[in-house]
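Below: the structure, in structure tokens.
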Amino acid sequence: MPTDRPTADVLKRWPALYRAGRWAWVRSRRQLPPYRLEGIPGPVHRNDLMLGGTDPDAITHYRRVGEEAVELIGESLATAGRSWADVDGALDFAAGYGRVTRHLVTKVAPGDVTVTDIDADAVRFCVRAFGVVGAGSDPSFRRGSLRSYDVAWSGSLATHLPAEAWRAWLHLMAEVIRPGGVLVFTTHDVERLGHLAEYDPAAPAEEARLRAEIAATGHAYMRYPHHKGEYGLAFQTPERTATDAAEHGFAVLSHRTRGWDGHQDVVVCQRQG
């Protein structure tokens with residue numbers, strides 16, 4: 001399964017072929033040992049698609065985005081009047097293969113960090129590689145084995161959820177984050193509707209509908225045609241984010257436009273009560 005963006009975009013024009021090829025490619029690479037790359041702390045799984053290659057620029061970008069997330073969490077704790085020192089439970093939600101986790105464990109003891117992801121193989125890898133606690137996840141966002149936490153990070157999750165799933169996820173966060181705890185997550189704002197081709201070759205055809213939807217409701221969503229289930233591109237206004245957060249017991253402390261990796265907004269919330 002080619003990993004370069006132009007080839008992948010071409011294959012996405014035939015969703016069934018893309019899904020079959022990706023499944024076979026991912027399955028075959030599960031049998032390979034992880035590898036180490038200079039500049040990235042800890043082992044890297046062969047299926048970590050957040051790493052866009054092994055050239056210096058790709059390695060630097062992967063490391064920078066992970067480090068930036070942990071810096072944002074630290075700043076968010078300070079905004080809420082908290083600090084790393086009083087965090088005894090941290091959650092990396094939708095952790096993947098540890099792009100952020102590998103840096104988070106330098107701030108919080110690994111045994112106090114929980115990772116969760118719909119990809120069970122990714123969770124197992126993070127547990128083995130970084131000594132963290134693993135928890136399963138599913139599209140319905142049931143609590144399962146999740147504990148209670150002082151801080152939770154979720155990068156590039158709300159950016160892919162339809163409105164109902166986004167609210168279900170907020171409900172789960174309200175269950176697992178302690179009163180006074182901090183939730184940091186990312187969103188796509190309206191400005192990103194002008195860059196749809198960067199996300200998926202089929203997305204520009206949906207621009208008019210997405211703009212109308214976000215104007216009417218504050219939230220817009222398109223499903224990836226090459227992906228099974230409800231997973232795609234989501235956009236929402238800061239006002240919609242704040243309203244939904246408040247309905248689930250969170251106060252938005254800050255909303256930084258394109259604050260993560262130059263294209264996702266960073267939202268900082270504190271659990272009330």
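Checking Gly98, Gly81 one by one, the residue that is small (Gly, Ala, Ser), open to solvent by 20 Å² or more (accessible area, probe 1.4 Å), part of a loop (DSSP other than H, G, I, E, B) and on the phi > 0 side of the Ramachandran plot is Gly81 and no other.
Checked across region 136-150, the condition of being farther than 30 Å from Gln31 by Cβ, in contact with a Lys or Arg (Cβ under 8 Å, 6 or more places away or on another chain) and of a type outside the set (Ser, Thr, Tyr) holds for at least one residue. Considering (1) farther than 23 Å from Val268 by Cα; (2) part of a helix (DSSP H, G or I), the lone condition that Ala174 does not fulfil carries the number (1).
Every listed requirement among (1) free of Cβ contacts under 8 Å to residues at least 60 places away in the same chain; (2) open to solvent by 40 Å² or more (accessible area, probe 1.4 Å); (3) among the aliphatic types (A, V, I, L, M); (4) within 24 Å of Ile73 (Cβ to Cβ) is met by Ala251 save one, (2). Looking across region 25-66 at every residue that is in a helix (DSSP H, G or I) and open to solvent by 70 Å² or more (accessible area, probe 1.4 Å), the one that is modelled with the lowest pLDDT is identified as Arg27. Entry remark, region 103-112: residues being surrounded by fewer than 24 Cβ atoms within 10 Å (Cβ to Cβ) and not in a loop (DSSP other than H, G, I, E, B) number 4 in total. Of the residues making up region 177-209, just one is under 23 Å from Ala94 (Cα atoms), open to solvent by 50 Å² or more (accessible area, probe 1.4 Å) and basic (Lys, Arg), namely Arg178. Taken over region 124-154, the criterion of being part of a helix (DSSP H, G or I) and either over 16 Å from the mean Cα position of the chain (by Cα) or farther than 21 Å from Asn47 by Cα (or both) is satisfied by Arg124, Phe125, Val127, Arg128, Ala129, Phe130. The set of residues from region 139-155 being polar (S, T, N, Q), open to solvent by 30 Å² or more (accessible area, probe 1.4 Å) and touching a strand residue (DSSP E or B) at 6+ places or on another chain (Cβ under 6 Å) comprises Ser145, Ser148.
Within region 121-138, can you find the residues that are open to solvent by 30 Å² or more (accessible area, probe 1.4 Å) and at pLDDT 95 or above?
Once the filter is applied, which keeps residues that are open to solvent by 30 Å² or more (accessible area, probe 1.4 Å) and at pLDDT 95 or above, region 121-138 yields Arg124, Val127, Arg128, Ala129, Gly131, Val133, Gly134.
Within region 78-123, if we keep just the residues that are farther than 16 Å from Asp138 by Cα and aromatic (Phe, Trp, Tyr), the residue that is farthest from the chain's Cα centre (by Cα) turns out to be Trp84. Filtering Ala174, Ala216, Ala212 for residues that are of a type in the set (Gly, Ala, Ser) and surrounded by 16 or more Cβ atoms within 10 Å (Cβ to Cβ) leaves a single hit, Ala174.
The values are calculated or read from the model by the stated rules, or taken from the named source; none is laboratory data. The structure displayed is predicted, hence computed values, not measured ones. In this analysis, Cβ positions are derived from the backbone assuming ideal geometry, glycine residues included, and neighbour counts consider all displayed protein chains. Accessible surface areas use protein heavy atoms only, side chains included; no ligands, DNA or RNA. Shrake-Rupley method; radii C 1.70, N 1.55, O 1.52, S 1.80 Å.
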